[in-house]
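*Asks:* Would you mind keeping the following structure in view while I ask a few things?
The values are calculated or read from the model by the stated rules, or taken from the named source; none is laboratory data. In this text, all values refer to a predicted model and were calculated from it rather than measured experimentally. No Cβ is skipped: glycine too gets one built from the backbone with ideal geometry, and neighbour counts run over all protein chains shown.
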C-alpha cells in the first residue's frame, strides 16, 4: 500500500467511545496500513452508565463482523424493543415508543394517518396494538425475525440492546488489540503542538512517554482534553431547553421478569431510568439541581429500586449542549468530548457511531481538508440539534404542572424548528421529517400522541380507502401481529437458549 502523510492515528481516552473508534478504525482502515494507538489511564474512570442503545448499533456490529450471540453473552446484554415512558404526559399514564413502525404504510403514506381516520370514525383499538415491537414488549417476548417468518406483509422485528457499558468497552478492546491496535497506559500531562500550524504533534504521558501522531481523536469525555483544553473549541449550552444537569446512578440486583425494554419514569424534578441486564438492573435519576439537591436525589432513587443496591451511588454532572466545533486542525472530538444530550432516548452511543461513520467517509489522505472539516462540523451540529429538539418535545408536550420543574419546562420557549414540527403535527398528523433525521414520523407520533397531543386532521389520502377495505386491512395487520406474537418465546427464554452470559 502507498503510504500517505496521515497514517498515525492516536485515540486519547478509552471507554465506550474510545474503543468504538479503535475497533472501527482497525476493521475499516486496517492496522497493517495505519498505526492506531489508544491512550487511556486506569486512574481516570469512565462514565460507564450508558447501557441502552437504538437499532443502528446493529449496523455497527455488522461492519465489525461481530457474532451477535457472543456479543450478548460477553456484555451481559438483553434485547431492547423500545422505551416505556411512565408519568410523562400526566401522572398515572404511560406509553411505549417502539423501534418499529405502526402497521404498514399504505397508498404511499404512513399508517398513522389511516389509524387517525379510523379512530375519528369510532375505532376502538389503541394505535399501539398495531406495533409488533410494542405488543412483544408487553408480552415480554422476543425472537429474531426475517422476511420469511410470519405473514409477508409484516415487517421484521426491530431491536437494539441493553448492555454493561464497561463490559462492552472491554469487549471492543479485545477486538481492537487482536487486530493490531496498540494501547498505551498513562495519563496525558502535556499536549505538544507544531509552532507554525498549531496541529497536535504528540501527547506526553505522566511516565514521560511521548505518543506522536498525524490525527488525534479526542475521546477524553466531558473534559475535552484536546478539543477544549488545547483548542478552546467553545460550547453551545442548551440547558435553557434541557435543564436537567445531574444524574445519580446505581445498579441493583435483578428482580422479576427480564423485560425487553428500557423504562423512563418522569419524577418530580426530572426522570428515572431502569435498564434490565442479565446480571443486574441499571438505575439512575436524571434531575436539575436548581430544584433538587444531589443528596435528596440519591435518597429518592435508592428508595425506588426494585432490588438491593450492589454499588455505591455515583453522581454525574453535565451541561446539555455541543462543542461549537468538533473538528479543529488535526483533532476530532467524539463522544462526550464532542457534546452531551441526556440519555432519555438512548442516543449517546448512536452519536458516537455517527461521528465515526462521518470521519471514515471524510478521512484525510495527505493533508487536512478544510472543506471536509467544515462539513463534518456542520453535519455533527445538525445531528445533535435534531436529537435535541426531539428530547425537548418530551418535556414541552405535557400536562404536568405539579412541581416548579414541570411548570418551567411546560411553559418555556422552544426552538423555532421544534415549534414548527409541533404546529405541523397538530394540524395534519405528521412533522415532515427530513430523510436524514434520526427520529422518523413514527417516533414523533409515538411520543406526541403518547403524551396527549392528538392531531386535528390527517392526510387526505387516508380517505381514499373504503370503510370496508380499511377495516379488512387493519384486521389483517392485527392478525399478522398476533400470529407472529404467538410463535415468539419469552425474552428470557430466548436468551437462555442462545446467548446467556456465562458469568453473572
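*Asks:* How many residues, within region 409-429, are farther than 30 Å from residue 325 by Cα, touching a residue at least 24 places away in the same chain (Cβ under 8 Å) and surrounded by fewer than 21 Cβ atoms within 10 Å (Cβ to Cβ)?
*Replies:* Narrowing region 409-429 to residues farther than 30 Å from residue 325 by Cα: 410-411, 423-429.
Adding the requirement that they be touching a residue at least 24 places away in the same chain (Cβ under 8 Å) leaves 425-429.
When the remaining residues are screened for being surrounded by fewer than 21 Cβ atoms within 10 Å (Cβ to Cβ), the result is 426-428.
Count: 3.
*Asks:* How many residues does region 207-245 contain that are free of Cβ contacts under 8 Å to residues at least 40 places away in the same chain and closer than 22 Å to residue 15 by Cα?
*Replies:* Going residue by residue through region 207-245, those that are free of Cβ contacts under 8 Å to residues at least 40 places away in the same chain are 207-210, 229, 232.
Now restrict to residues that are closer than 22 Å to residue 15 by Cα: 207, 209-210, 229.
Final tally of qualifying residues: 4.
*Asks:* Still on this structure, please answer the following. Which one of these does residue 457 not meet: (1) over 28 Å from the mean Cα position of the chain (by Cα); (2) in contact (Cβ under 8 Å) with a residue 24 or more places away in the chain; (3) closer than 26 Å to residue 94 by Cα; (4) part of a helix (DSSP H, G or I)?
*Replies:* (4)
*Asks:* For region 365-375, does any single residue satisfy the condition of being touching a strand residue (DSSP E or B) at 6+ places or on another chain (Cβ under 9 Å), buried (at least 22 other Cβ atoms within 10 Å of the Cβ) and assigned by TED's automatic domain parsing to the domain that holds residue 216? Before you say what the answer is, go through the steps one by one.
*Replies:* Residues of region 365-375 that are touching a strand residue (DSSP E or B) at 6+ places or on another chain (Cβ under 9 Å), as a first pass: 368, 372-374.
Pick out the ones that are also buried (at least 22 other Cβ atoms within 10 Å of the Cβ) and you get none.
Checked region 365-375: no residue is touching a strand residue (DSSP E or B) at 6+ places or on another chain (Cβ under 9 Å), buried (at least 22 other Cβ atoms within 10 Å of the Cβ) and assigned by TED's automatic domain parsing to the domain that holds residue 216.
*Asks:* Which members of region 393-437 meet the condition of being under 25 Å from residue 287 (Cα atoms) and in a loop (DSSP other than H, G, I, E, B)?
*Replies:* 397, 398, 399, 400, 401, 402, 403, 412, 413, 414, 415
*Asks:* Taking the conditions exactly as written (under 26 Å from the mean Cα position of the chain (by Cα), under 27 Å from residue 54 (Cβ atoms) and either in contact (Cβ under 8 Å) with a residue 24 or more places away in the chain or buried (at least 18 other Cβ atoms within 10 Å of the Cβ) (or both)), does residue 495 satisfy them or not? Show your work before the answer.
*Replies:* Details: under 26 Å from the mean Cα position of the chain (by Cα): yes; under 27 Å from residue 54 (Cβ atoms): yes; either in contact (Cβ under 8 Å) with a residue 24 or more places away in the chain or buried (at least 18 other Cβ atoms within 10 Å of the Cβ) (or both): yes.
Yes.
*Asks:* Could you tell me whether residue 275 is in a strand (DSSP E or B), buried (at least 24 other Cβ atoms within 10 Å of the Cβ) and assigned by TED's automatic domain parsing to the domain that holds residue 21?
*Replies:* Details: in a strand (DSSP E or B): yes; buried (at least 24 other Cβ atoms within 10 Å of the Cβ): yes; assigned by TED's automatic domain parsing to the domain that holds residue 21: no.
The answer is no for residue 275.
*Asks:* When you scan region 109-149, how many residues do you find that are within 30 Å of residue 495 (Cβ to Cβ) and in a loop (DSSP other than H, G, I, E, B)? Don't jump to the end; show me each part of the working.
*Replies:* Start the filter on region 109-149 by keeping residues that are within 30 Å of residue 495 (Cβ to Cβ), which leaves 126-149.
Remaining after also requiring in a loop (DSSP other than H, G, I, E, B): 126, 131, 139-140, 142-149.
Number satisfying all stated conditions: 12.
Table: residues versus (1) under 30 Å from residue 359 (Cα atoms); (2) touching a strand residue (DSSP E or B) at 6+ places or on another chain (Cβ under 8 Å).
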| position | (1), (2) |
| --- | --- |
| 144 | no, no |
| 167 | yes, no |
| 184 | yes, yes |
| 192 | yes, yes |
| 221 | yes, no |
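*Asks:* Checking the structure you have, find out if any residue of region 435-447 is modelled with pLDDT under 95 and either touching a strand residue (DSSP E or B) at 6+ places or on another chain (Cβ under 7 Å) or surrounded by fewer than 13 Cβ atoms within 10 Å (Cβ to Cβ) (or both).
*Replies:* The answer is yes, given that some residue of region 435-447 is modelled with pLDDT under 95 and either touching a strand residue (DSSP E or B) at 6+ places or on another chain (Cβ under 7 Å) or surrounded by fewer than 13 Cβ atoms within 10 Å (Cβ to Cβ) (or both).
*Asks:* Separate question: Looking only at residues that are surrounded by fewer than 21 Cβ atoms within 10 Å (Cβ to Cβ) and not in a loop (DSSP other than H, G, I, E, B) in region 226-249, which one is nearest to the chain's Cα centre (by Cα)?
*Replies:* Here the answer is 246.
*Asks:* Here's a check for you: in region 90-128, which residue that is out of contact with any helix residue (DSSP H, G or I) (no Cβ under 6 Å at 6 or more places or on another chain) and surrounded by 23 or more Cβ atoms within 10 Å (Cβ to Cβ) is farthest from residue 455 (Cα to Cα)?
*Replies:* Here the residue is 111.
Residue by residue, here is whether (1) surrounded by fewer than 17 Cβ atoms within 10 Å (Cβ to Cβ); (2) in contact with a helix residue (DSSP H, G or I) (Cβ under 9 Å, 6 or more places away or on another chain); (3) farther than 26 Å from residue 26 by Cα; (4) modelled with pLDDT under 95 holds:
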{"site": "353", "(1), (2), (3), (4)": "no, yes, no, no"}
{"site": "381", "(1), (2), (3), (4)": "no, no, yes, no"}
{"site": "388", "(1), (2), (3), (4)": "no, yes, yes, no"}
{"site": "400", "(1), (2), (3), (4)": "no, yes, yes, no"}
